[in-house]
Each structure stands twice: as C-alpha cells, then as structure tokens.
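Here's the structure we're looking at; comments come further down.
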Amino acid sequence: MIITLIISVFIVSSIGAALAFVLVLSEKKFNDYGQCKININEEKELTVTGGKNLLSALGGEKIFIPSACGGRGTCGLCKLRVLEGAGAVLPTEEPFLDKSELDSNTRLSCQVKVRNDLKIFIPPELFAIREYNCKCAEITDLTYDMKQFRFELVDPGTISFIPGQFMQFLTPVYETNTEEIYRAYSISSDPADKNHIELIIRLVPNGICTTYCFRYLKVGDPVRLNGPYGQFRLTDTDAPIVFIAGGSGMAPIKCMLHHMKNTGNKRKTTYYFGANKLKDLCCVDLMHQFEKELANFRFVPSVGALEPGENWTGVKGLVTNAIKEDLQDASDGEAYLCGSPGMIDAVIKVLKEKGMSENKIFYDKFE
C-alpha cells in the first residue's frame with residue numbers, strides 16, 4: 001500500500017516536472033524573437049534583441065521617449081509613428097489615439113512589442129533628450145508624505161529646461177524591485193540653477209519609485225535622470241494668471257514662480273493651493289516670500305478639513321470652493337492646473353463658470 005502510494009506520488013511529480021520543462025522550453029522558443037532591426041526616420045538603424053516593448057528597447061539604446069507612467073499604458077505620452085511591423089492596434093492603446101493618429105500609424109510605444117523588424121518615426125526634438133548622471137545632494141521633508149530631492153548634475157554637469165517640464169527618474173533594482181523602471185516627476189527647481197535639478201515626490205503606498213526614494217535613497221547616492229520633457233509652460237502674454245494645484249502639483253508652479261521672479265514678470269497672478277488637511281500644506285513660507293518679491297502675486301491656500309484642536313484662519317473647504325469665493329471674473333485670464341485628474345476636471349468646470357475660455361486652461365494631470 002505504502003509502496004504503491006510512493007510510486008503514484010513519484011509518477012505525478014515526474015509528470016509535473018516534465019510539463020514544467022516543456023512549458024519553459026515552449027516559452028523560450030516562442031518568445032525568442034532573435035535580433036530585430038529598428039529603422040528610425042530612414043536615417044538610423046538599430047539592432048536590438050526582440051521581446052521587449054518598443055519604449056524599453058529604445059531606452060536601452062539611449063533614445064528616450066516621454067512616459068509618465070513608466071510604460072504601464074496609462075498615460076498615453078509615449079506616442080510614436082510605427083510605419084511598419086507593429087501589428088494590430090491593441091485595446092490598451094485605443095483610448096489614447098484619435099482617428100487622425102490611427103490613420104497616421106501612431107502607437108503607444110510601451111504597448112508595441114518588438115517581435116520583428118520595425119520602421120518608425122521619432123520627432124527630431126526628442127533626440128535632444130539626454131541622460132544625466134547625478135548625485136543626491138539634499139533631501140528635504142515638505143510634509144509627512146512629501147519630500148523634495150535635490151540632485152547635483154555630474155555628467156553632463158549642466159541642464160537647461162523650460163519651467164513646467166518634467167524629468168524621468170530611473171528607479172534601480174532594490175530589495176523588492178527586480179527591474180529598472182522610469183517614473184516622471186515635474187521639475188520644481190529654480191531654472192537659473194543650471195547645475196541642479198529638484199523634484200517633489202509624494203509617497204505612493206507600494207509605489208516602486210516612491211518607495212525607493214523614501215526608504216532607500218540617501219544623500220550621496222548616484223541617480224540617473226533623463227529629459228527634460230513636456231509642453232506644459234507659461235504663455236508669452238500679459239493675461240492674468242491663475243495657478244491651481246494640490247499635493248506634489250506644487251512642483252511645476254514653484255518652478256514657474258522662480259522663473260517669474262528671475263525675469264521680473266509683473267503679470268497679475270493668484271495661486272490657489274488645495275490641501276486635504278492642514279498637515280498637507282507645504283512651501284507656505286516660500287510662497288509668502290514670493291508674495292514679497294513678485295509685484296502682483298497672491299497665494300491662497302485652502303484646507304479641506306481640520307482635525308480637532310487645529311486652528312486655521314485661511315480658506316476652508318475644497319480648492320474649488322476657494323476659487324468660487326475668491327475669483328470674480330476670469331474671462332481675460334489664463335489658468336495653469338497641476339494635480340489629479342479628478343481635481344483638474346472639477347476645477348475646469350468652475351473656471352468655465354467664471355468665464356474663462358477652455359482654450360486658455362492648461363493643465364498637467366498626475367496619474
């Protein structure tokens with residue numbers, strides 16, 4: 001009886017091991033696409049190992065395509081024209097592509113797998129994107145769950161960017177992360193400082209990059225960034241400015257305010273910053289300093305809810321309430337919004353009710 005049981009267990013185990021071996025061999029065979037060629041703009045040809053997505057394959061060759069979500073297919077930024085070899089458009093791409101883009105063979109590069117030779121077109125301006133080897137120079141606590149990281153540029157040692165742009169931060173392999181991955185963060189630093197980049201990062205529970213930055217990254221550690229990216233920027237007009245942000249949406253607005261100070265910009269400017277709780281307020285002293293240094297700048301922070309015993313004499317409630325109460329006529333102004341999609345959608349509705357034209361509302365949604 002026992003011998004029969006042992007034999008049965010052995011047979012079942014052997015069959016399981018054999019099936020596992022076959023699966024491994026099959027996966028290796030069917031996912032082995034060999035060496036694939038990528039023709040870029042009819043000017044350059046790369047040879048890469050097949051199997052990766054196009055975004056990663058290009059990144060491995062130091063050609064950096066903007067991607068705020070790290071290649072998860074949720075931001076829609078990594079668009080390229082794939083002229084040959086990509087196969088059918090995937091359901092994960094369709095929400096991000098309009099008819100004209102589909103007609104021109106535009107694809108999300110993070111969703112296109114390199115299985116064979118490809119022919120693609122990359123906008124020439126993206127070839128100016130560079131990788132920066134940096135050193136973490138300073139880490140500053142802004143709130144209980146938000147830090148500003150200051151990076152000293154090492155190679156190359158200087159950078160120029162437009163206030164409102166973002167960088168991609170390379171998260172290395174660490175204890176609970178088995179592969180390198182990029183995440184996008186808006187630049188918060190003074191653009192006059194060409195030797196440093198500052199990023200404001202808010203802790204996301206179980207976030208791959210934020211966990212690394214909050215738990216593992218130390219002053220003196222090496223860091224790799226690439227960029228700058230993005231079209232979010234101030235227009236060159238005299239229209240009154242309305243800044244609206246929440247949380248780490250502070251970053252690009254702070255950068256723009258530094259630039260306005262540097263250039264002596266006298267545009268009438270109001271900055272509405274929304275905090276869920278009092279402990280979520282950040283950079284208040286700096287904003288009050290800007291009020292002294294900029295000719296027509298006003299900072300209006302609002303706090304959604306107070307804890308028992310907290311005192312707050314400023315605006316209470318959602319940032320949309322602050323805008324409704326404080327902003328009178330917005331018909332001649334421009335707005336620059338940074339925050340979650342829900343916050344931005346709600347704010348756009350209020351601004352339109354205040355008379356602002358939708359084509360004068362510019363925003364950077366944080367997914």
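Since every read-out is calculated from the coordinates, none of them should be taken as a lab result. It should be emphasised that the depicted structure is a prediction, and the values quoted were computed from it without experimental measurement. With ideal geometry, Cβ positions are generated from the backbone for all residues, glycine too; neighbour counts draw on all protein chains shown.
Computed from label points 7 Å out along Cα-Cβ, the spacing between ALA295 and THR176 is 5.2 nm.
Between SER100 and LYS324, 0.36 nm times their residue separation minus their Cα-Cα distance comes to what? Present the calculation step by step, with values, prior to reporting the outcome.
On the way: separation 224, 0.36 × 224 = 80.64 nm, distance 3.75 nm.
Taking SER100 through LYS324 to full extension adds about 76.9 nm, to one decimal.
Taking the stretch 77-92 and a reference point 7 angstrom along Cα→Cβ of ASN116, the backbone N atoms nearer than 13 Å belong to 84-88. On the basis of the beta-carbon distance and an R0 of 35 Å, ILE208 and LYS316 show a calculated FRET efficiency of 0.45. Each residue in VAL112, VAL154 was given a count of other beta-carbon atoms within 10 angstrom of its own, and listing them fewest first yields VAL154, VAL112.
Summing charges over all other residues whose Cβ lies under 12 Å from the Cβ of GLN289, with Lys and Arg as +1 and Asp and Glu as -1, gives 0.
Simple point charges give the picture: +1 on the Cβ of Lys and Arg, -1 on the Cβ of Asp and Glu, and for the stretch 77-181 a dipole about the Cα centre of about 260 debye.
Sorting ILE159, ILE348 from the fewest to the most surrounding beta carbons within 10 angstrom yields ILE348, ILE159.
The residue among THR320, LEU351, THR237 whose Cα reaches farthest toward the positive pole of the charge dipole of the chain, with charges on the beta-carbon of Lys, Arg, Asp and Glu, is THR320. What residues from the stretch 181-214 fall in the zone where the backbone N is under 18 Å from a label point 7 Å along the Cα-to-C-beta line of LYS261? 187-200, by backbone N distance to the label point.
Taking neighbour Cβ counts within 10 Å as the exposure measure, how do THR106, THR92, THR237 sort from fewest upward?
Least to most surrounded, the residues fall as THR237, THR92, THR106.
So for the chain, averaging the separation of alpha carbon pairs under 8 Å that are six or more residues apart and normalising by length, what relative contact order in percent results?
12
With a sphere of radius 15 Å drawn around the Cβ of ASN53, what net charge do the other residues whose Cβ falls strictly inside it have (Lys, Arg +1; Asp, Glu -1)? It would help to have the intermediate numbers written out before the result.
Numbers: positive: LYS52, ARG72, LYS79, ARG107, LYS113, ARG115; negative: GLU61, GLU93, GLU179, GLU180.
Within the 15 Å Cβ shell, the charges total +2.
Check the straight Cα-Cα distances from LYS135 and name the aspartates and glutamates below 14 Å, setting aside those fewer than 8 residues away within the same chain. Reachable aspartates and glutamates: GLU152, ASP155, GLU198, ASP221.
How high is the FRET efficiency between LYS62 and LEU278 when r is their beta carbon distance and R₀ equals 35 Å, given to the nearest 0.05? Present the calculation step by step, with values, prior to reporting the outcome.
Details: r = 45 Å, r/R0 = 1.28.
Given R0 = 35 Å and the Cβ-Cβ separation, E is 0.20.
Applying a threshold of 18 Å to the alpha-carbon distances of LYS194/LYS261; LYS324/LYS349; LYS254/LYS354 flags LYS254/LYS354 as lying beyond it. The structure shown yields semi-axes √(5λ) of the Cα gyration tensor in Å, and of the options (1) 44, 26, 21; (2) 31, 24, 19; (3) 31, 26, 24 that calculated value carries the label (1).
For SER357 and LEU306, a Förster radius of 35 Å and the Cβ-Cβ distance give a FRET efficiency of 0.50, rounded to the nearest 0.05. Helices assigned as whole DSSP H runs in the chain whose Cα atoms extend at least 20 Å along their own long axis and whose mean Kyte-Doolittle hydropathy is 1.0 or higher are found at 2-30. Spin-label model, LYS135/VAL154: points 7 Å from Cα along the beta carbon direction are separated by 0.7 nm. Net charge dipole, the chain: roughly 260 debye, given to the nearest 20, about the Cα centre with Cβ charges of +1 for Lys and Arg and -1 for Asp and Glu.
Residues whose amide H lies under 5 Å from that of PHE243, counting only those 5 or more places away or on a different chain, are THR270, TYR271, TYR272, TYR336; hydrogens are built 1.01 Å from N in the peptide plane. For a modelled paramagnetic label at ARG224, 7 Å from Cα along Cα-to-Cβ, the residues of the stretch 106-139 in reach, with backbone nitrogen under 17 Å, are 129-136.
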